[in-house]
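Enquirer: If you scroll down you'll find the structure; I have some questions about it.
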Amino acid sequence: MNKTNQRMFKLKTQSMNRKNYVKKMGLGVIAVMITGLSFGEGPENLKSETMEKFDTHVFPALPYAYDALEPYIDARTMEIHYDRHHRTYFNNFVSAIKGTELDNQSIEMIFGSISKAGDAVRNNGGGFYNHVFFWNNLSPKTAGPSADLLAAINKAFDSIDKFREAFGNSAKTRFGSGWAWLYLKSDKSLAVGSTPNQDNTLMDVSAIKGIPLLTIDVWEHAYYLKYQNRRADYVDAFWNVVNWEEVNRRYKDGIK
Ligand code: MN3
């Protein structure tokens with residue numbers, strides 16, 4: 001898919017997402033869970049824009065070309081990662097929820113009681129969601145945290161360098177496959193940590209819980225073609241392609 005087609009597909013997908021999103025009254029409940037809104041407010045008043053990015057029945061376009069993150073993440077890895085790994089998680093997730101009561105629930109709601117959903121939904125739903133999240137928090141244009149986010153980072157980790165070190169260590173020391181996260185705890189303070197397999201901080205089974213802000217995939221398929229066994233080099237290179245605009249937006253949205 002060339003860049004123009006990708007962009008058109010993205011616009012179309014976003015438009016579809018929005019229509020489905022407005023139909024999904026269930027999201028009102030998620031708003032209560034995540035942002036503490038009252039039940040009286042409908043989706044139109046939903047403050048958490050983070051929620052509308054994900055539709056359980058749409059496989060979204062990659063927001064950039066496969067080679068956009070070169071040389072830090074190579075085109076071949078991106079292509080296989082997005083078009084095979086991610087797509088397979090999505091297909092298996094849709095199959096796993098088809099015809100069940102989960103079919104009409106938002107993915108965040110499913111994660112909230114994932115302990116009751118079974119391994120197929122947990123692993124493939126997590127794999128679907130985490131990768132959408134990951135693509136959106138990468139960009140060829142990187143900047144930095146907003147003043148508000150930087151203040152919160154300094155408060156939690158002392159400095160941006162120490163935050164990077166803490167986040168990087170979570171990613172580098174996760175044994176086997178998984179994800180490292182920067183997330184907002186229920187008291188709205190920042191924390192870093194990692195989850196195994198395709199788990200994430202929205203799942204009721206997770207040892208670390210909160211609103212995710214930034215993530216890195218540390219499964220070998222995310223880096224092995226370019227970095228082989230050198231996960232640490234991949235994690236260090238990751239900072240060159242962090243989409244801070246997205247992280248800033250998630251933070252602003254998450255603290256409301
Ligand atoms: Mn992956």
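Enquirer: Between beta-carbons, use under 10 Å as the cut-off and find the net charge around residue 78, counting Lys and Arg +1, Asp and Glu -1.
Expert: That works out to -4.
Enquirer: Can you sort 84, 174 so the residue with the fewest Cβ neighbours within 10 Å comes first?
Expert: 84, 174
Enquirer: Within 14 Å, Cβ to Cβ, of residue 89, how many net charges do the neighbouring residues add up to if Lys/Arg are +1 and Asp/Glu are -1?
Expert: After counting each charged neighbour, the total is -1.
Enquirer: Moving on. Tell me which residues come under 5 Å, amide H to amide H, from residue 242 once H is placed; ignore anything under 5 positions away on its chain.
Expert: 139
Enquirer: In addition: When the label point is put 7 Å from the Cα of residue 236 along its Cα-to-beta-carbon vector, which residues of region 57-86 have a backbone N closer than 19 Å?
Expert: Answer for this model: 70-74.
Enquirer: Could you check the spin-label model distance between residue 100 and residue 187? Points 7 Å from the Cα along Cα→Cβ, value in nm.
Expert: For the pair residue 100/residue 187, the computed spacing is 3.6 nm.
Enquirer: Looking at the calculated P(r) for region 131-194, what percent of the C-alpha pair distances fall above 20 Å?
Expert: That fraction is 32 percent.
Enquirer: I'd like the Karplus ³J(HN,Hα) series for region 119-135: coefficients 6.51, -1.76, 1.60, θ = phi - 60°, whole numbers in Hz, and an x wherever there's a Gly or Pro.
Expert: Taking θ as phi minus 60°, the curve returns 5, 5, 6, 4, 6, 7, x, x, x, 5, 5, 4, 6, 4, 4, 5, 4 Hz for region 119-135.
Enquirer: Please give the contour-minus-distance gain from residue 224 to residue 155: 0.36 nm per residue of separation, less the Cα-Cα distance, rounded to one decimal in nm.
Expert: Taking residue 224 through residue 155 to full extension adds about 21.4 nm, to one decimal.
Enquirer: Shifting gears a bit: Once fully extended, how much extra length lies between residue 252 and residue 169, figured as 0.36 nm per residue of separation less the alpha-carbon to alpha-carbon distance?
Expert: Between residue 252 and residue 169, full extension yields an extra 27.4 nm.
Enquirer: Pairs to check: 141/252; 98/256; 155/209; 209/252. Give those whose C-alpha atoms are more than 25 Å from each other in this structure.
Expert: Violating the 25 Å limit, Cα to Cα: 98/256.
Every read-out reported here was derived from the displayed coordinates using simple, explicitly stated rules and does not represent laboratory data. Model, not experiment: these values are computed from the prediction. Here the Cβ is made from the backbone with ideal geometry for all residues, glycine too, and neighbour counts use every protein chain on show.
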